[in-house]
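Asker: Attaching a single structure in C-alpha cells format; questions to follow.
The values are calculated or read from the model by the stated rules, or taken from the named source; none is laboratory data. None of the values given here were measured: they were computed from a predicted structure. Here the Cβ positions follow ideal geometry from the backbone for every residue, glycine too, while neighbour counts run over all protein chains shown.
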Amino acid sequence: AAGDRVAGMTGVRMGCHAEFVSVPAHAAVRIPASLGDADAAGVLFGGTTALHFLRDRAGVRPGATVLVNGASGSVGSAAVQLAATLGATVTAVCSAANRELVVRLGAERWIDYATTPVARVGERFDVVFDAVGNLSRAEGLRLLAPDGALVLAVASLFEMIRGGRRVFAGSAPERPEDVGHLLGLAASGRLDPLATVLGGLDALPEAYRTIDSGRKVGNLVVLPGR
C-alpha cells in the first residue's frame, strides 16, 4: 500500500545507488515495523545467498556440520547465523579480531586463518561454504565428509558452469518469499544484519575502499537522501 516501507532487490539490472528505483510490485516486500531501513537493507544480498545455498542446495539439516570460510563478511555472517538456525554445528573461519563476533552469531568453533589456512584444516564437514573465493574446488572437496556439499559463493564463470553433484556455485535467486523470511528473522532478533551506515550516496567511495581492503565486517549501507 502507499506509504509502506518496502525492501527488495533489482537483480542484474542493479542501479541501487540512487534515490529512487523501480521494481515490480511483487518484488517489494513490506518491512516489519520493528526493523529499521538499514537493517532491512543489510539482510538482502548476504541473506538470500546464504539461505539459497544452505537450505535449498546443500540441504542443511539439524546435526549437520558446516564450515564457513570468510565468516565475518556479508554472505559469511549470514551463513553462520542461518546454518545455526537450521540446527547445524558451525565452524567459522575468520581473523582473530572477529572471533567474538562469529561466536556471538552462532559459531560453536572458530579457526584463525592466519595460523591455520582453511585448506589445511584436518577435519571433514557435511557442508563447506566458501564466502570469500580463496578456497579452490579441489581444496574444498578434500574437506568434505562422504556425501557432503561444497558451496562456492564467490565462483568463476567456469565453476558456475561446471557445478557438479557435490559442488554448488553461482548466483542465488531473489525470491520475495525468501526476502520476507529473512526480514522476519531480523525483526525477531534471530538474524543480525550487521549493518553499518556510512552516510548518503556521497559515502559510496568510502564503502568501496573498505570493501577493497578485505576487512569489511558485515554489511555497509548508504541511505540516499542523507
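Asker: Taking region 211-226 as the region of interest, how many residues are over 17 Å from the mean Cα position of the chain (by Cα), free of Cβ contacts under 8 Å to residues at least 60 places away in the same chain and under 25 Å from Leu182 (Cα atoms)?
Answerer: Qualifying residue count, region 211-226: 0.
Conditions (1) modelled with pLDDT of 95 or more; (2) β-branched (Val, Ile, Thr); (3) over 21 Å from Met9 (Cβ atoms), marked per residue:
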| site | (1), (2), (3) |
| --- | --- |
| Asn134 | no, no, yes |
| Arg137 | no, no, yes |
| Ala155 | no, no, no |
| Pro173 | no, no, no |
| Asp178 | yes, no, no |
| Ser213 | no, no, yes |
| Val217 | yes, yes, yes |
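Asker: Next question. Tally the residues that are buried (at least 18 other Cβ atoms within 10 Å of the Cβ) and in a loop (DSSP other than H, G, I, E, B), restricting the search to region 100-112.
Answerer: 2
Asker: Name the pairs whose Cβ atoms lie under 8 Å apart, with the first residue in region 111-130 and farther than 16 Å from Ala83 by Cβ, the second surrounded by fewer than 13 Cβ atoms within 10 Å (Cβ to Cβ) and of a type in the set (A, V, I, L, M), and 6 or more positions between them or separate chains?
Answerer: So the pair list comes out as Asp112/Ala96; Ala114/Ala96.
Asker: Which members of region 192-226 meet the condition of being crowded, with 16+ Cβ neighbours inside 10 Å, in contact with a strand residue (DSSP E or B) (Cβ under 7 Å, 6 or more places away or on another chain) and closer than 16 Å to Gly47 by Cα?
Answerer: Pro193, Leu194, Ala195, Gly218, Asn219, Leu220, Val221
Asker: One residue is enough: does region 76-87 have a residue meeting the conditions touching a residue at least 24 places away in the same chain (Cβ under 8 Å), more than 16 Å from the chain's Cα centre (by Cα) and either at positive phi or not assigned by TED's automatic domain parsing to the domain that holds Ala186 (or both)?
Answerer: Taking every residue of region 76-87 in turn, at least one turns out to be touching a residue at least 24 places away in the same chain (Cβ under 8 Å), more than 16 Å from the chain's Cα centre (by Cα) and either at positive phi or not assigned by TED's automatic domain parsing to the domain that holds Ala186 (or both).
Asker: Here are the criteria: (1) assigned by TED's automatic domain parsing to the domain that holds Leu182; (2) in contact with a Pro (Cβ under 9 Å, 6 or more places away or on another chain). Tell me which single one Arg13 does not satisfy.
Answerer: The number of the failed condition is (2).
Asker: Of all residues in region 108-131, how many are aliphatic (A, V, I, L, M), out of contact with any Cys (no Cβ under 9 Å at 6 or more places or on another chain) and over 26 Å from Arg165 (Cα atoms)?
Answerer: 1
Asker: Which numbered condition trips up Arg124, out of (1) closer than 30 Å to Pro24 by Cα; (2) loosely packed, with under 15 Cβ neighbours inside 10 Å; (3) modelled with pLDDT of 95 or more; (4) of a type outside the set (A, V, I, L, M)?
Answerer: (1)
Asker: Among Leu198, Leu150, Leu204, which is in the same structural domain as Ala50 (by TED's automatic domain parsing) and either at pLDDT 95 or above or closer than 27 Å to Ser95 by Cα (or both)?
Answerer: Leu150
Asker: Would you kindly identify the helices (runs of 4 or more DSSP H) lying entirely within region 28-99 that contain at least 1 residues that are modelled with pLDDT of 95 or more, surrounded by fewer than 21 Cβ atoms within 10 Å (Cβ to Cβ) and hydroxyl-bearing (Ser, Thr, Tyr)?
Answerer: Helices (runs of 4 or more DSSP H) meeting the threshold: 74-85.
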